[in-house]
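In what follows, a single structure is set out as structure tokens and then discussed.
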Amino acid sequence: MAEIKTIGIITSGNDAPGMNSAIRAVTRSAIYNNLKVKAIYRGYKGLIDGDIVEFGSHSVSNIIQQGGTILKSSPSKDFLSPDGRKKAYENIVKEEIDALIVIGGDGSIHGARIFAQEYDIPCIAIPATIDNNLCGTDTTIGYDTALNTIMQVVDKIRDTATSHERLFFVEVMGDGAGFLALNSGIASGCEEAIVPTIEIEDEQLHHFIQNGFRKTKSSSIVLVAANEKVGGAVHYADLVKAQYPELDVRISILGHLQRGGQPSAHDRIIASRMGSASIQALLKGLRNVMIGIDNDEIVYVPFSRAIRDNRAIDHNLLDILHNISI
Ligand code: F6P
């Protein structure tokens with residue numbers, strides 16, 4: 001196995017609060033272990049374009065608390081093609097990068113997996129996405145911050161919902177997964193969470209209106225995970241408006257504010273732990289694994305498992321939400 005002297009660090013795909021904390025941890029742990037760090041700007045696109053700069057310890061000063069990613073991120077269609085990846089590899093050789101640390105979500109890990117297989121370059125992934133939809137880790141960087149952001153916004157929406165006795169449908173992100181909707185729903189005392197992986201449709205909504213909203217409450221908040229197939233908050237609000245014209249229904253789509261803001265303490269801590277573990281993993285000779293946290297222990301998850309498919313929602317959590325919002 002070739003000795004690793006220089007690592008490349010890249011943030012790819014959609015940003016998540018805490019990515020900067022991870023960049024800092026990777027850079028400083030690498031330097032602490034006498035490795036050189038090359039920062040690749042603008043994701044896989046920057047790898048193809050040769051947008052690469054050497055980082056020192058001070059390059060990552062004063063970023064642990066900043067949202068977004070100082071390395072920027074950009075989608076790269078070219079990296080999906082063998083020609084694009086060939087160019088990326090040529091830059092890896094030119095810059096004498098021996099291993100890559102990829103910080104991102106499922107798309108980024110998918111890209112790392114193909115690249116590692118094609119060019120035999122050691123890759124370690126650090127899971128960073130607000131969606132929390134990777135397998136083999138209890139949580140991903142950015143998820144906790146996004147939960148807190150949603151909770152704070154929903155608290156505000158509740159004030160006006162209560163004043164006007166309204167039913168609000170609040171749409172949150174999730175990329176096909178319902179973790180943000182379900183857990184921010186619990187944290188903000190919502191009456192219902194509609195998640196893509198559980199069939200809800202008209203019947204359950206009807207049940208909620210009859211037994212929850214109509215009977216005991218004069219205002220309610222339903223959290224809806226964005227759902228490209230079904231249509232999200234607008235779809236459900238329209239259903240209710242058509243069936244219950246007497247209800248005062250409003251929609252709030254939270255959008256990209258969920259991706260911004262200072263990372264929470266939890267996200268900074270897991271980003272620091274995972275960043276440091278990524279360097280330890282490389283030094284131990286591990287390759288093509290995602291760093292995870294399982295039961296508060298660092299674990300190494302093979303890429304194929306991490307992106308296998310969307311993690312299942314815990315139905316007990318949905319029961320808890322329902323039982324304590326009566
Ligand atoms: O993966 C994070 C995420 O915020 C998803 O929840 C959402 O569907 C998507 O990114 C939005 O991406 P874009 O920034 O391209 O609109």
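We did not get these values from a lab; they are worked out from the coordinates using the rules stated. Just so it is clear, the model here is predicted, and its values are computed rather than measured. A quick note on method: Cβ atoms are made from the backbone with ideal geometry, for glycine too, and the neighbour counts reach across all protein chains shown.
Considering all C-alpha pairs of segment 98-177, those separated by over 19 Å amount to 53%. Residues whose amide H falls under 5 Å from that of T129, counting only those 5 or more places apart or on a different chain, are I141, Y143, with hydrogens built in the peptide plane. Every pair of different Cα atoms in the chain enters the Kirkwood calculation, which places the hydrodynamic radius at 20.7 Å. As a ratio to 2.2 N^0.38 Å, the alpha-carbon radius of gyration computed for segment 144-259 takes the value 0.96. Label positions at D155 and H206, each projected 7 Å from the Cα along the C-beta direction, are separated by 3.8 nm. Kirkwood hydrodynamic radius computed over segment 1-92 comes to 13.6 Å, based on all pairs of distinct alpha carbons.
How much of the calculated P(r) for segment 249-326 lies past 16 Å, in percent of all Cα pairs? Of all Cα-Cα distances in segment 249-326, 71 percent exceed 16 Å.
The distance from the alpha carbon centre of segment 107-170 to that of segment 1-66 is 21 Å, rounded to a whole number. Applying the Karplus relation 6.51 cos²θ - 1.76 cosθ + 1.60 with θ = phi - 60° to segment 271-279 yields 3J(HN,Hα) values of 5, 5, 5, 5, x, 5, 5, 5, 6 Hz, where x marks Gly and Pro.
3J(HN,Hα) couplings calculated from phi for segment 184-196 with the Karplus curve 6.51 cos²θ - 1.76 cosθ + 1.60 (θ = phi - 60°) are, in sequence order, 6, x, 5, 5, 10, x, 6, 8, 7, 10, 9, 10, x Hz; Gly and Pro show x. Among beta bridges from DSSP that stay inside the chain, the antiparallel ones total about 25%.
Backbone phi angles across segment 6-22, fed through the Karplus curve with coefficients 6.51, -1.76 and 1.60 (θ = phi - 60°), yield HN-Hα couplings of 10, 10, x, 10, 9, 10, 9, x, 6, 6, 8, x, x, 4, 5, 4, 6 Hz in residue order; Gly and Pro are listed as x. In this structure, the pairs whose alpha-carbon distance is over 20 Å, taken from K156/K217; K5/K45; K215/K241; K77/K229; K36/K94, are K5/K45; K77/K229. Working note: 222 nm ellipticity from helices only, DSSP H runs with n ≥ 4, each -39,500 (n - 2.57), summed and divided by the residues of the chain, gives -12500 deg cm²/dmol to the nearest 500.
For the peptides 106-113, 283-290, 14-21, the ranking by packing is 14-21, 106-113, 283-290, with the highest mean count of neighbouring Cβ atoms within 10 Å listed first.
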